[in-house]
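Worksheet for the structure shown next.
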Amino acid sequence: MRPTSAASPWSSRECAISATDTLPAAAGARQVISVNHLLLGLLVVAIWGSNFVVIKVALASFPPLLMAALRFASATVPAIFFFKRPQVPWRNLAGYGLLIGGGQFSLLYLAMQSQISPGLASLVVQAQVLFTVGLAVVIEGERVRLFQLIAAALAIAGFAVIGLHTDGTTTWLGIVMVLGSGLCWALGNLVGRQAGRVNIVTYMVWTSAFSVPPLVVLALLAEGGPAVLWHAISVAPPLAWGAILWQSMANTILGYGLWAWLLVRYDAATVTPLALLVPVFGMGSSVALLGEPFPVWKGTAMLLVMAGLSLNVLWPRVRKKLVKMG
């Protein structure tokens, strides 16, 4: 495993697969972020949020399962030849790769093909935060707290608002599939935590290798034989290939690399709240670039979900400061 150090831009204190996970503070980490580094963090969040629009662009040329296979293949090759395998069990790498590639992204892409709009997908998939908390309670025996119950109630109310306004662009099937995507993400978070202190980019590259085989098999079974898939690949325009590379290089390698770089230099409580803006950028970019309607009910759903996520992430830190002040 590559040693972690504050001097290396590719180092990370812990494998934080969920951008809103709370991490232990790095030695010498600062709590006040500079303007330039704040803008860098916002750039990462903007990349992650706008990626839902990029996914929709790629889905116009590729079947969803084939697209997922191409996305993880391009995240693996050639990067895997430049990053040494992290010193974690093979079963951990395989487990995370299967959950994220075979679970999270396959369900997300299938839903976004025709069952849910990009903006709403960026919002609903954030249920992973609540699923992560729930799984930690059930599997790891963590005690559920009152603020977590309130946060969950707010987010569920937001999801219910979305469910009450299904139309031609969003269906109940799409909502359920994206919630399933969030559940797979949450399970992946638990597996990722077991990896311990590893280089986050290296971990993402190596686990991506385990996402490709099941996605290829699923694509062959559900989307046609080799000739059909090869035809989709051969006629795909440059824009579609650019969307694939954006998801693997910008979204994964650059995004997680810069996020880890920030986490080495600043306290996690300073950096991780920025990730709450992902659905804001997701919805905003879909409205601006794809013309997705933004009626009052979407704004209401977004406020409720964001309130729940913010309470879940920020309240422990706010309470800690209040105790110190009191």
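Things to note:
- Considering Leu311, Leu262, the condition of being under 30 Å from Leu146 (Cα atoms) and aliphatic (A, V, I, L, M) is satisfied by Leu311 alone.
- Leu149 vs. criteria within 26 Å of Leu274 (Cα to Cα), of a type outside the set (Gly, Ala, Ser), without any contact (Cβ under 8 Å) to a residue 24 or more places away in the chain and open to solvent by 40 Å² or more (accessible area, probe 1.4 Å): yes
- Of all residues making up segment 71-97, the number that are open to solvent by 30 Å² or more (accessible area, probe 1.4 Å) and within 19 Å of Glu223 (Cα to Cα): 1
- Of all positions in segment 268-281, at least one carries a residue that is of a type in the set (A, V, I, L, M), within 24 Å of Leu164 (Cβ to Cβ) and open to solvent by 40 Å² or more (accessible area, probe 1.4 Å).
- Neighbours by Cβ (under 7 Å, 6+ apart or cross-chain): first from segment 157-172, surrounded by fewer than 14 Cβ atoms within 10 Å (Cβ to Cβ); second basic (Lys, Arg) and at pLDDT 90 or above: none
- Annotation: Ser122 fulfils all but one of (1) under 30 Å from Pro316 (Cα atoms); (2) surrounded by fewer than 24 Cβ atoms within 10 Å (Cβ to Cβ); (3) in contact (Cβ under 8 Å) with a residue 12 or more places away in the chain; the unmet one is (2).
- Count - residues of segment 237-249 that are open to solvent by 10 Å² or more (accessible area, probe 1.4 Å) and over 15 Å from Thr202 (Cα atoms): 7
- Residue that is surrounded by the most Cβ atoms within 10 Å (Cβ to Cβ) [pool: residues in segment 49-68 that are of a type in the set (A, V, I, L, M, F, W, C) and not in a helix (DSSP H, G or I)]: Phe62
- Residue in segment 173-221 that is surrounded by the most Cβ atoms within 10 Å (Cβ to Cβ), counting only those that are of a type in the set (Ser, Thr, Tyr) and closer than 15 Å to Gly102 by Cβ: Thr207
The values are calculated or read from the model by the stated rules, or taken from the named source; none is laboratory data. Please read these numbers as outputs of a predicted model, since none were measured by experiment. Note that we place each Cβ from the backbone using ideal geometry, even for glycine, and neighbour counts take in every protein chain shown. Accessible surface areas use protein heavy atoms only, side chains included; no ligands, DNA or RNA. Shrake-Rupley method; radii C 1.70, N 1.55, O 1.52, S 1.80 Å.
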